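Let me begin by presenting the structure, written as structure tokens, before commenting on it.
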Amino acid sequence: MSHCIVKSYYLSIMLYLRDLQKIIVFAGILGFCCFCSEKEEEKLHQVTPFKSIHVHVDNETVEAKLIDEKNLSLSFENAENFSEAQLSIELTPGYEIIFPQDVTKADLTTYPVVNFRAPDNKIIKYWFVITSKAFPILDATKISIEGIGTGNVSVQNSTKEVIIDFDKTRMDMSHIQLHFQEGSLMDGAKVDDGDLIYDFTQGLSQDIVIQYGGSDRHYKVVLNLARAMDDPKKYGFTDVTEQYVTPSQYSFVSVLHATTIMNVPVKNSAPETPWSWDVPSNQMDEYLAFIGDWKPNRPLETVNDISFAVVTIDIEKAKAKLVSNNQREIAVKDVPGFIVMSGLSS
């Protein structure tokens, strides 16, 4: 009897070990398959989504060069208008391009990127690093201001502007000097405009020429006064734009209105330099040249019971024309347009 029990027990152990062997073998196969699957996925994403990318801008075509797994370089000679670039992309089989949607008019100025969809539906993104000899300024953070240093200068290549953010506590509008430090320009580029001292009281936009690649590259040095302007609400204005304008249609227009204005310099009945509220007609030109230059300690007052409106227009986005009759007058009611101004034309 005990012999039968031992034999049965032995048989059970053998069956168990046989099944355990199958489980171990199965687990090994499963692990190997998972390992292969991970390797295949890694291999899949090591494949470049494209065989080649060519970009055409301003009658110039260049091929994109791979910098790393996220960046591509584009090096142009004279191309400037990157807002409507034409992309010619030879895809790797199984991949598709999903952005830009229209490769014949890609806005690389705003969106210097191209997105692909892989066979496993993952999105792969590459950023374009674009250089052109038409834009010889390489790093705006290395353009400094005399007596202040860096941090107040930026560059907008699409409009060819060197922009200075005005700091009224540290800058003199009549005397701002720029310094192009090492690394601010492409190798071989140089600024040959004297001492680079600008008097912005004569105009908020000044010329600057950068020589590069055998050509003169013309930029504008622009003083941005936005930071120096106070919030209109501080003076009692409210934004009433939507009462007069459909924002989506006229995004470049804003309308401010006030019935009470605070912090207004008091009216001065005596002539004052540089400005007085009572201006003799024969001194008008002289006084208008100094609008806004009131003495810092001039008394202020609040003006009530008025209706005062200010309309601002972004001149970069709006279009305007002057229409006058034989009497050199603008007949407002006869001029079609969203905003019409009247006055004497000369």
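The values are calculated or read from the model by the stated rules, or taken from the named source; none is laboratory data. Quick caveat, the model's predicted, so the values are computed rather than measured. Positions of Cβ are backbone-derived with ideal geometry, glycine not excepted, and every protein chain shown enters the neighbour counts. Please note that ligands, DNA and RNA were not included when accessible areas were found on the heavy atoms of the full protein model with its side chains. Shrake-Rupley method; radii C 1.70, N 1.55, O 1.52, S 1.80 Å.
Cβ separations smaller than 6 Å between residues 6+ apart or across chains give no pair from the range 212-225 residues that are on the phi < 0 side of the Ramachandran plot to residues that are among the aromatic types (Phe, Trp, Tyr) and open to solvent by 50 Å² or more (accessible area, probe 1.4 Å). All of Val253, Val311, Val279 fail the test of being of a type outside the set (Lys, Arg), at pLDDT below 85 and surrounded by 10 or more Cβ atoms within 10 Å (Cβ to Cβ), apart from Val279. Within 26 Å of Ser132 (Cα to Cα) and of a type in the set (S, T, N, Q), is that true of Gln202? No; evaluated as a whole, the condition is false for this residue.
Quick check, is Gly183 touching a helix residue (DSSP H, G or I) at 6+ places or on another chain (Cβ under 8 Å), in contact (Cβ under 8 Å) with a residue 12 or more places away in the chain and in a loop (DSSP other than H, G, I, E, B)? So Gly183 passes the test.
The rows are residues; the columns are (1) polar (S, T, N, Q); (2) surrounded by 14 or more Cβ atoms within 10 Å (Cβ to Cβ); (3) over 21 Å from the mean Cα position of the chain (by Cα).
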position	(1), (2), (3)
Asn59	yes, no, yes
Lys65	no, no, yes
Ser75	yes, yes, no
Ala79	no, yes, no
Leu91	no, yes, yes
Gly94	no, no, yes
Thr104	yes, no, yes
Asp120	no, no, yes
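Consider Phe50 carefully, then state whether it is in contact (Cβ under 8 Å) with a residue 24 or more places away in the chain, open to solvent by less than 80 Å² (accessible area, probe 1.4 Å), over 30 Å from Asp120 (Cβ atoms) and not polar (S, T, N, Q). Spelling it out, it is not the case that Phe50 is in contact (Cβ under 8 Å) with a residue 24 or more places away in the chain, open to solvent by less than 80 Å² (accessible area, probe 1.4 Å), over 30 Å from Asp120 (Cβ atoms) and not polar (S, T, N, Q). Take the conditions (1) farther than 27 Å from Ala189 by Cβ; (2) among the hydroxyl-bearing types (Ser, Thr, Tyr); (3) touching a Ser or Thr at 6+ places or on another chain (Cβ under 8 Å); Thr104 misses just one of them, which is (3).
Specify the residue that is modelled with the lowest pLDDT; the eligible residues are those in the range 145-168 that are buried (at least 17 other Cβ atoms within 10 Å of the Cβ) and outside any strand (DSSP E or B). Residue satisfying both the conditions and the ranking: Asn157.
Is at least one residue of the range 151-158 small (Gly, Ala, Ser) and out of contact with any helix residue (DSSP H, G or I) (no Cβ under 9 Å at 6 or more places or on another chain)? Looking through the range 151-158, none of the residues is small (Gly, Ala, Ser) and out of contact with any helix residue (DSSP H, G or I) (no Cβ under 9 Å at 6 or more places or on another chain).
Among the residues examined, Val221 does not qualify as open to solvent by less than 50 Å² (accessible area, probe 1.4 Å) and either under 16 Å from Val311 (Cβ atoms) or modelled with pLDDT under 85 (or both).
Contact map, the range 231-249: residues that are over 12 Å from Phe308 (Cα atoms) paired with residues that are hydroxyl-bearing (Ser, Thr, Tyr), Cβ distance under 6 Å, separation 6+ or inter-chain. Pairs shown: Thr241/Ser254. Does any residue of the range 235-250 turn out to be at pLDDT 65 or above, of a type in the set (Phe, Trp, Tyr), more than 30 Å from Ser174 (Cα to Cα) and part of a strand (DSSP E or B)? Checking the range 235-250: not a single residue is at pLDDT 65 or above, of a type in the set (Phe, Trp, Tyr), more than 30 Å from Ser174 (Cα to Cα) and part of a strand (DSSP E or B).
If the condition is being in contact (Cβ under 8 Å) with a residue 40 or more places away in the chain and basic (Lys, Arg), then the range 86-134 contributes Lys122, Lys125, Lys133.
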